[in-house]
């Protein structure tokens, strides 16, 4: 049951509070029912290690005489890169084209534009599900001809499971606060009258490394340089409203 702000007399609480609430079951003054309620806020912070590395890279052809020539050069280089990645066990579903460009190139002489050929480039995104293979994939990408700037980021494949864990812990936190507050007021908790969520922060791709130049990366990755993935955090906030009795 997800309730809007209108279900709380003063909006979602910033801290635990108790108040009188008028039941909407009857708007007739003589039949209006009032009850005491306590509204509490529960928090949880959960974390997990990312289990997927996302690698972005590209191939640029440089200037070619014709559009067809540029696309042929691009296709040859990119096929070599993709086959190198696949040879390490990366499935085709985890290799995605992000951009594909074919642009004319120009020079200017005495204020006149002169066509000088065409350039093509293609950017790919590769998901590496076995993090132990990350440096090997990077080596393969560079050695097979990738020459564009990219980067590596890390994600959690199933953030819903982490969110559910956080929700469970946040509810437990709110329930504990509600019991304590009711006891201080000399009351007991009655029925749950409202539930809400807010402030759930979903992990976003976490950048780990920026590749300034593919050539320099090729020199640094040959020794199996580790790329730590760390952990990602999710914060969950829930709101519970209980009747007091």
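For the range 113-182 versus the range 86-111, the spacing of their alpha-carbon centroids is 21 Å.
Normalising the average separation of contacting C-alpha pairs (under 8 angstrom, six or more residues apart) by the number of residues puts the relative contact order of the range 52-155 at 49 percent. Rounded to the nearest 0.05, what FRET efficiency do residue 36 and residue 200 give with R0 = 30 Å and r taken as the Cβ-Cβ distance? Could you check? So the FRET efficiency works out to roughly 0.55. A full extension of the chain between residue 65 and residue 43 corresponds to an added length of 1.7 nm, given 0.36 nm per residue minus the alpha carbon distance. Spin-label model, residue 161/residue 102: points 7 Å from Cα along the beta carbon direction are separated by 4.4 nm. A crude spin-label estimate for the pair residue 92 and residue 179, with each label 7 Å from Cα along the Cβ direction, gives 5.6 nm. Model label sites at residue 80 and residue 231, defined 7 Å from Cα along the beta-carbon direction, differ in position by 4.4 nm. Size descriptors for the range 52-155 (Cα atoms only): Rg and Dmax, in that order, 16.0, 56 Å. Across the range 98-160, Cα-Cα pairs more than 16 Å apart make up 64 percent of the total.
No value in this document is a laboratory result; all are computed from the given coordinates. A quick note: this is a predicted structure, and the numbers were derived from the prediction, not measured. Here the Cβ is made from the backbone with ideal geometry for all residues, glycine too, and neighbour counts use every protein chain on show.
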